[in-house]
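Heads up, the thing below is written out as C-alpha cells.
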Amino acid sequence: MKPPKPNPSFVSRNLVTIVMVPTIIAAHLGWNAMQNNRSLVQEHEQIDLPVVTFAKFVWRKINGAEETATKKE
C-alpha cells in the first residue's frame, strides 16, 4: 500500500495568482506614475490606462458609436 500524497500547500496551489496579482497592480501603479510625470508625458498627451482605452473602444463598437480619440475627457 502506498502512503497517501500530502495535500499541496496554499502557495503551490495558487502560485500564479500570488505572482500575477501584485504584478498587475505594480504595472497599473507604474503606468499611473509615468502618466503623471510631466517630464515624460505632458498633460495634453496623457491617456487612460490601456485597459480603460480598450474597454471604451469595445463599448463604442458594441453600441455603434463613432470612434474618438483615446485622450482623457
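The values are calculated or read from the model by the stated rules, or taken from the named source; none is laboratory data. Note that the structure is a prediction, hence the values are computed from the model and not measured. Cβ: placed from backbone, ideal geometry, glycine included. Neighbour counts: every protein chain shown.
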Inset, instruction - Would you check if VAL11 is modelled with pLDDT of 90 or more and either of a type outside the set (Phe, Trp, Tyr) or not in a loop (DSSP other than H, G, I, E, B) (or both)? - result: yes
Inset, instruction - Could you tell me which residue of the stretch 39-73 is modelled with the lowest pLDDT, considering only residues that are surrounded by 12 or more Cβ atoms within 10 Å (Cβ to Cβ) and polar (S, T, N, Q)? - result: THR70
